[in-house]
Amino acid sequence: MLALTGFAAGWHRGVPAVQDVDLELAEGRVLAVLGRNGAGKTTLVKGVLGLAPWRSGIVRLDGRRIDGWRPERIARAGIGFVPQGRGVFPGLTVEENLRLGALGSGRRRPEPALLARFPHLFERRDRPAEALSGGEQRQLSILRALAGRPRFLLLDEPSEGVQPTIVEAVAALLLELVEVDRLGILLVEQDLDLVLRVAHECLVLEDGRPVDWFSAAELAARPQRVEHYLGL
Amino acid sequence: MSREPPLPALVFWAVLGLAPLVAPGWLLAQLAQHLGYGLLALSLAWVWGQAGLLSFCQALFFGSGAYLFALLALGRIPGLPDSPWLGLLCAPLFSALLAFLLGLALLSARIGSGAAWAVMTLVLGVIAERVAVTSPWLGGSNGLVGVPPLAVPWPSGTFELVDPLPLYLLLFAATALVHLALARHIASPAGALVRAVRDDALRAAHLGIDPLRLRLFVFTGAAAIAGLGGGLFAAQFGFVAPPLLGLGLSTEALVWVAVGGRGSPLAALVGTLVVKGVEELLGRWLEAWWPLAMGLVVVAVVLAFPAGLVGGLLARRGRPVPADVAGGARRAAVRTSS
């Protein structure tokens, strides 16, 4: 269980970009975080990961406090991250990128089955990551996070700027990770179709604070409930 | 893997290995000196090219190795015997210890890259040179002279390593071994980790990689290589002086590595031999104009061949993809592999 209580984070000391966030993410569940640009979604994720300054509140992983830990320690504790944008090391090969994910968590190499999840990446494993298309780089970024065998995965807008077929493949992978591997996933996303496909619950942020919380079923029944939050 | 293509390295070392058969003594002595500087260049290629830490104080570790060798060979350290071999053993260890402490202080203060790092290393080099100039124990501005050479037991007494050939063979072996070890490290998973931290330390951190520890490892290891070069320098020439620690030599080393190519140890080595060789040929002729001419060459190389003269060629040959070095070189590597 990954739990946040009264969590605040951000670069500005006086006015944290996110504050008063309470949430619980269990294994085998997907929590979507929605909100307009600038609502604090990315800062929330980065704050949990130690990549943005944590200001107050508590972050617990299986009951153990991890707030204030350094990013590498949080990663090794079992929280993987897929950053916004392409997020790969462009000069390293596909295989090296994956290996970094494994080495970071103390494994010599990633599981061979990992590349099988996206066969076209396996074919390109000796290529520099920058030679891949944008969507393939996103897939590589997800696989690299999985190479560390995390129990919780935080994804920052995986569908942004990616062609629909790749979004479809990513959605299928996320569902498999949740249902088969029982990962807990926190998904920052603006693509309502992807959210409707994979999420169990949704949290809406506005101006850095949670303003609404509902189940995916409620969202499916009344998508207009979030549309005004997202400015659609 | 980002490895150097093996053939150019083999040719390079084969040519240097055969040099004693044809080269006169004076040339061997000169090559031996340049190979010692080559160790400094290798250390800089690692710390700058691989870890992305632009170091203006690499000569500090070269010079500290040289001074430690001299102090031990002259028996100036109380409680320790006067032994050149002990000096050669301790030179890299001392430089590594110094780098570890300095690196820990800088990196813990979150000075781990960029302009602040460059300025701090520059200051360290200047301070070290001033300390040596003002310390009577270190011989002041004259440095330490009369440093005994390395010697090995021989049936007819002891054999001192003072002639060009044995010194050349020693420097050849040391530099070749360090080059081989560094090339293997760069091609290993640990080498990829180092480049990942160079390219994006935060991104590496969220994969569970500790950027501070990796940078400290490279800074310390590279200092050991420079310290070995310094120790061998003192063994070769029998003297040490403050400029061996200072900004001047550090900057010269940056020139060798930039001209050769910082993305590859072999390129850095070739850059050193070429720049020092050209300096020997043209320096006497150009006299005071030499630094200016060299400056212009560096500017031209950096603008036209950002991956270095040799680094650019190597990137086209294999697929070393020396990552951040230059977009041009990267694109070339991508073309080759596709």
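A few comments on the model shown:
- Matching entry among A:GLY106, A:GLY101 (being outside the structural domain of A:GLU201 (by TED's automatic domain parsing) and either in contact with a Cys (Cβ under 7 Å, 6 or more places away or on another chain) or more than 30 Å from A:SER133 (Cβ to Cβ) (or both)): A:GLY106
- When B:SER83 is tested against the conditions (1) open to solvent by less than 40 Å² (accessible area, probe 1.4 Å); (2) at pLDDT 95 or above, the lone failure is (2).
- Any hit, the stretch A:188-206, residues being open to solvent by less than 10 Å² (accessible area, probe 1.4 Å), within 20 Å of A:VAL88 (Cα to Cα) and in the same structural domain as A:LEU61 (by TED's automatic domain parsing): yes
- The stretch A:72-104, residues that are facing another protein chain (nearest Cβ under 9 Å), under 15 Å from the mean Cα position of the chain (by Cα) and open to solvent by 20 Å² or more (accessible area, probe 1.4 Å): none
- For B:PHE239: the one exception among (1) in contact (Cβ under 8 Å) with a residue 24 or more places away in the chain; (2) within 14 Å of another protein chain (Cβ to nearest Cβ): (2)
- Tallying residues that are more than 10 Å from every other protein chain (Cβ to nearest Cβ), surrounded by fewer than 20 Cβ atoms within 10 Å (Cβ to Cβ) and among the basic types (Lys, Arg) within the stretch A:108-140 yields 2.
- Test: residue in the stretch B:130-140 that is among the charged types (D, E, K, R), open to solvent by less than 80 Å² (accessible area, probe 1.4 Å) and within 24 Å of the chain's Cα centre (by Cα): no
- Per the listing B:GLY318, B:GLY277, the residue uniquely open to solvent by less than 30 Å² (accessible area, probe 1.4 Å) and either modelled with pLDDT of 90 or more or away from every other protein chain (no Cβ under 14 Å) (or both) is B:GLY277.
- Selection from the stretch A:8-19 of residues that are in contact with a Phe, Trp or Tyr (Cβ under 8 Å, 6 or more places away or on another chain) and either under 29 Å from A:GLU176 (Cβ atoms) or open to solvent by 20 Å² or more (accessible area, probe 1.4 Å) (or both): A:ALA17, A:GLN19
- Applying a threshold of 8 Å to beta carbon distances and a minimum spacing of six or more residues, or different chains, the list of pairs starting in the stretch B:302-313 at a residue that is open to solvent by less than 30 Å² (accessible area, probe 1.4 Å) and ending at one that is of a type in the set (D, E, K, R) reads B:GLY308/B:ARG262; B:GLY311/B:ARG262.
- Residue check for A:LEU174: within 30 Å of A:GLU95 (Cα to Cα), in the same structural domain as A:ALA39 (by TED's automatic domain parsing) and in a strand (DSSP E or B): no
- Screening the stretch B:237-266 for residues that are among the polar types (S, T, N, Q) and crowded, with 24+ Cβ neighbours inside 10 Å and picking the one that is farthest from B:LEU144 (Cα to Cα) gives B:SER264.
- Sub-8 Å Cβ pairs linking a first residue in the stretch B:205-230 that is surrounded by fewer than 24 Cβ atoms within 10 Å (Cβ to Cβ) to a second residue that is among the basic types (Lys, Arg), at least 6 apart or interchain, are B:ASP210/A:ARG70, ordered by first then second residue.
- Residues that are over 21 Å from A:PRO90 (Cβ atoms) and under 20 Å from the mean Cα position of the chain (by Cα) number at least 2 in the following helices (runs of 4 or more DSSP H) confined to the stretch B:187-300: B:211-237, B:247-260, B:265-286.
The values are calculated or read from the model by the stated rules, or taken from the named source; none is laboratory data. Owing to the predicted nature of the structure, the values given are computational and were not obtained by experimental measurement. Note that each Cβ is placed from the backbone with ideal geometry, even for glycine, and that neighbours are counted across all protein chains shown. With ligands, DNA and RNA removed, areas are computed over all heavy atoms of the protein, side chains included. Shrake-Rupley method; radii C 1.70, N 1.55, O 1.52, S 1.80 Å.
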